[in-house]
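Colleague: Encoded as structure tokens, here's the structure I'll be asking about.
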Amino acid sequence: MKKLIALSLALMMVLGLVSIAGASPEKKTVGFYADNVDSYYVAISDVLKALAEADPEVDWEINVVTGTGSAAEQLNAVQNFIQTGYDAIAVIQNNVETTSECIQLCEDAGVPYIGLTHSFASAPNATDALAFIGYDFVQEGLYAGEDAYKWGAKKVVNIEGVLGQGTAGAQSYGFILGYTNAGADIGDWKDAQEWAAQKNSGMAGGEGLQLYWTSGGWMKDAAKTQMANIITELGPTGFDGVYAQNNPMLEGVVEAMEEAGLDTKDYWIGSGNGREISWNWVREGVTDMDVNQSALLEGEALYQILKAHFAGEEHRKYIHPYFNYYHTGNIEEIWDTLIPFTDVEAYLAKRAAGDIVYDINNTEYFKDVPEFNK
């Protein structure tokens, strides 16, 4: 009888272990809100879904809601996510003030809030968010400014995404820093920060750097129109460099210059984004530099933070994904390490092959985000 009981207990233990080993992961729901239709934003949610679907350790339902660029839509989406009972909320914001409201709503409801892409560090309750994931746009601009300074560009057309927008202003600030850090004369401006904030009309500045400010709205056609008008206004020798803050605007710039009969190789041409088209342009010398800023690394970091949070594990709170700064001098050397910009399938293939540093605990990601550490 004792032997039978012992065998029964042993069988129960084995079955229990099998049951535990075969247990399905707990289902979680994630609300993802993007402020507007943008391939960059879509790539973030697409890679998040792809990574979650490929991971047998998670069972997530991810609901993506896309706005049309209004603060009210962001607030409404977050309220709906909370009322529906979502386990976590990720947001690409419209503005900092609305984000502050959303963080408070989530805090009151006990739902973790994660912000992406655009910094909300100036919000009084920024540190109540579970995490922030976004690139260091000042550093992105700094790479361009240093490259332009070394090239010798002194009259630069600066095409911001949107004049005065946070990320655009940060890139301009970094660009000017590339000159002031090297001791370049910027005229009557007190420093790079003042110039980036106040700007100027026409081509103006100091002996070390003059800037002509305009905006392309982050779009190719608008930037092309602006560049064509500037070429007409300034003439071919009225500028020696162009900084287009993203690749769609860069495409417009290159087309406008070529249609005007200008050879881009006679000018310093730089950008940010680092999309695949730019890899080849730098390799061929059509442009001089770019910064590989893949949207997919933001989605990767979001996936890892959510997984750690749901598992009750510690994780990093403020993350700047890493850049790959490439130029005509190093493009061949780092070609294989460049990260697809929005192509999820290509990203996952490189990830599986070990060609991408994707672990947020890797030292590549250890750049601090001091503005959140208040």
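Colleague: Right, E258: part of a helix (DSSP H, G or I), buried (at least 20 other Cβ atoms within 10 Å of the Cβ) and touching a helix residue (DSSP H, G or I) at 6+ places or on another chain (Cβ under 9 Å) or not?
Modeller: It is false that E258 is part of a helix (DSSP H, G or I), buried (at least 20 other Cβ atoms within 10 Å of the Cβ) and touching a helix residue (DSSP H, G or I) at 6+ places or on another chain (Cβ under 9 Å).
Colleague: Also, quick follow-up: Got a number for residues in the stretch 145-178 being crowded, with 21+ Cβ neighbours inside 10 Å, of a type in the set (D, E, K, R) and part of a strand (DSSP E or B)?
Modeller: 1
Colleague: Mind listing whichever residues of the stretch 39-75 are among the hydroxyl-bearing types (S, T, Y) and modelled with pLDDT under 95?
Modeller: Of all residues in the stretch 39-75, those among the hydroxyl-bearing types (S, T, Y) come to 39-41, 45, 66, 68, 70.
Residues satisfying the conditions are S39, Y40, Y41, T68, S70.
Colleague: Please work out if F132 is modelled with pLDDT of 95 or more and among the aromatic types (F, W, Y).
Modeller: Working: modelled with pLDDT of 95 or more: yes; among the aromatic types (F, W, Y): yes.
So F132 fits the description; yes.
Colleague: Condition test on V64, is it within 23 Å of A168 (Cα to Cα) and surrounded by fewer than 19 Cβ atoms within 10 Å (Cβ to Cβ)?
Modeller: Judged against the criteria, V64 is not a match.
Colleague: Further, regarding this structure: Of all residues in the stretch 118-136 being in a helix (DSSP H, G or I) and either small (G, A, S) or in contact (Cβ under 8 Å) with a residue 60 or more places away in the chain (or both), which is surrounded by the fewest Cβ atoms within 10 Å (Cβ to Cβ)? Spell out how you get there, then give the answer.
Modeller: Going through the stretch 118-136, the residues in a helix (DSSP H, G or I) turn out to be 126-128.
Adding the requirement that they be either small (G, A, S) or in contact (Cβ under 8 Å) with a residue 60 or more places away in the chain (or both) leaves 126-127.
Working: A126: 20, T127: 14.
Once the filter is applied, the top-ranked residue is T127.
Colleague: How many residues does the stretch 298-345 hold that are assigned to a helix (DSSP H, G or I) and in contact with a Gly (Cβ under 9 Å, 6 or more places away or on another chain)? Full working, then the answer.
Modeller: First, the residues of the stretch 298-345 that are assigned to a helix (DSSP H, G or I): 298-310, 331-337, 344-345.
Now drop any that are not in contact with a Gly (Cβ under 9 Å, 6 or more places away or on another chain), which leaves 298, 344.
Final tally of qualifying residues: 2.
Colleague: Let me ask something else about it. Any chance you could count how many residues in the stretch 179-198 are more than 14 Å from G152 (Cα to Cα), in contact with a Phe, Trp or Tyr (Cβ under 7 Å, 6 or more places away or on another chain) and surrounded by fewer than 18 Cβ atoms within 10 Å (Cβ to Cβ)?
Modeller: To start, the set of residues in the stretch 179-198 that are more than 14 Å from G152 (Cα to Cα) comprises 181, 186-198.
Still in the list and also in contact with a Phe, Trp or Tyr (Cβ under 7 Å, 6 or more places away or on another chain): 186, 189, 192-193, 195-196.
Then keep just the ones that are surrounded by fewer than 18 Cβ atoms within 10 Å (Cβ to Cβ); that gives 193.
Matching residues across the stretch 179-198 total 1.
Colleague: Run down T167, T180 and say which single residue is β-branched (V, I, T) and over 30 Å from A43 (Cβ atoms). Spell out the reasoning first.
Modeller: Working: T167 fails: over 30 Å from A43 (Cβ atoms).
Within the list T167, T180, the selection yields T180.
A quick yes/no check of all residues on (1) farther than 30 Å from L211 by Cα; (2) in the same structural domain as A34 (by TED's automatic domain parsing):
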residue: K265; (1), (2): no, no
residue: E284; (1), (2): no, no
residue: K307; (1), (2): yes, yes
residue: A311; (1), (2): yes, yes
residue: H315; (1), (2): yes, yes
residue: P340; (1), (2): yes, no
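Colleague: Which one of these does G110 not meet: (1) surrounded by 24 or more Cβ atoms within 10 Å (Cβ to Cβ); (2) free of Cβ contacts under 8 Å to residues at least 24 places away in the same chain?
Modeller: Tallying (1) surrounded by 24 or more Cβ atoms within 10 Å (Cβ to Cβ); (2) free of Cβ contacts under 8 Å to residues at least 24 places away in the same chain, G110 fails exactly one: (1).
Colleague: Just a yes or no: is a residue in the stretch 285-294 surrounded by fewer than 23 Cβ atoms within 10 Å (Cβ to Cβ) and at pLDDT 95 or above? Working first, answer last.
Modeller: Residues of the stretch 285-294 surrounded by fewer than 23 Cβ atoms within 10 Å (Cβ to Cβ): 285-286.
Filter once more, keeping what is at pLDDT 95 or above: 285-286.
Yes, the stretch 285-294 contains a residue that is surrounded by fewer than 23 Cβ atoms within 10 Å (Cβ to Cβ) and at pLDDT 95 or above.
The values are calculated or read from the model by the stated rules, or taken from the named source; none is laboratory data. What you see is a predicted model; the values in this text were computed from it and never measured. Cβ coordinates were reconstructed from backbone atoms using ideal geometry, including for glycine residues, and neighbour counts include every protein chain displayed.
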